[in-house]
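Notes follow once the structure below has been shown.
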Amino acid sequence: MLTLFKSQPLLSDSEVEWLIDTFVWACEQFDGQYFMTETQIIEPTGAFFPDQVTSVEQMASTVFNRVSHYAGMQAWPISVVNPQQHMPQQSMPMFSFIDEIRGEKAKLVKPPALNMQLSYNPNQINQPQDLVASFAGSLATVMIYHRGVLPPGGEEQIAAASDALACFLGFGVMMSNTVYQFKGGCGSCYNPYANRQAALTEPQTVFMHALICHFKPQVDGKKHLKPHLRSVYKKAQKQLRLYINDTPNPILLALEEQRHARLS
């Protein structure tokens, strides 16, 4: 029997394959076990960002410290500076870790002479989700270049892989919410200069977020998404379940076994 109104999958097979491959790459290169045991799904709430600030610089510094901590990168030699002090051309400083690269146990073997500098967009101060997502994406990019192992698709996919890796670090809610900003009613409050530059589309970002949340079943991954993204999230979950049920990938199968063990 023919179905007149058959729903289309959220993403094409090639998009799904790349996102899944990138997730597996992230597990292999950036401590998949830490992801399973320590990574949280960071939400845009006072529980995750309780700080009170009194200046633009203090807000940027405070948000960056929170983001780097939640990413497990508090030991990384990275500093946030205001845009006037930022050096746009920087080489990756040489540093390495004793064992773990993320979390409380991460220890630098030899700190570099100068920390790597990240800056921020002052226009994002009134759009904190964009600020969080931008910091998460920047930290993800630093991780990729420091590791020196290119993502699936090679160097031309680094920007997209940075978005995906930011979701892997736990920031999928903010990454999804900031792909596209509506202008609103009259547009008077809309500031295009405050929007982050996204490399993944909304559906791709939401799919990656749903993939991360699949392995964090205690979290409602759609709760803090923008209303129009919640149905997208459900479609992502449906397509994701079909993929995982048929996957032969040993890493996905191992993570799925851990997931089931935690649910039992």
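The values are calculated or read from the model by the stated rules, or taken from the named source; none is laboratory data. It should be emphasised that the depicted structure is a prediction, and the values quoted were computed from it without experimental measurement. Using ideal geometry, Cβ is built from the backbone for each residue, glycine included, and neighbour counts are taken over all protein chains shown. Calculation scope for accessible area: heavy atoms of the full protein, side chains included, ligands and nucleic acids excluded. Shrake-Rupley method; radii C 1.70, N 1.55, O 1.52, S 1.80 Å.
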Alpha carbon centroid spacing (whole Å) that separates segment 90-109 from segment 200-247: 31
Zero-based 10 Å bins, Cα pair distances in segment 125-264, whole percents: 11, 36, 36, 13, 3, 0
Listed residues ASP246, ASP21, ASP31 arranged by accessible area, highest first, probe 1.4 Å: ASP246, ASP21, ASP31
Where only C-alpha atoms are counted, convex hull volume of segment 40-139 per residue in Å³: 108
Debye intensity ratio I(q)/I(0), log10, segment 108-180, q values 0.15, 0.21, 0.22 Å⁻¹ (C-alpha model): -0.57, -0.96, -1.01
Residues with amide H under 5 Å from that of PHE97, placed H, sequence gap 5 or more: VAL109
Kirkwood hydrodynamic radius of segment 1-90, from inverse mean 1/r over distinct Cα pairs, in Å: 17.3
Where Cα atoms sit under 29 Å apart: lysine pairs in the chain separated by 8 or more or lying on different chains: 26
Computed accessible area, LEU150, all protein chains, 1.4 angstrom probe, square angstrom: 90
Whole-percent carbon and sulfur share, accessible surface of the chain, 1.4 Å: 53
Estimated Rh, the chain: Kirkwood, alpha-carbon pairs, angstrom: 19.4
Helix-only [θ]222 nm of the chain, DSSP H runs n ≥ 4, -39500 (n - 2.57) each, per residue, nearest 500: -14500 deg cm²/dmol
Neighbour-limited loop hits for trypsin sites (Lys or Arg not before Pro), segment 61-157 (at most 16 other Cβ within 10 Å; DSSP other than H, G, I, E, B): LYS105, LYS107
Neighbour cut-off at most 12 other Cβ (10 Å), DSSP loop, GluC sites (Glu not before Pro), segment 47-139: GLU104
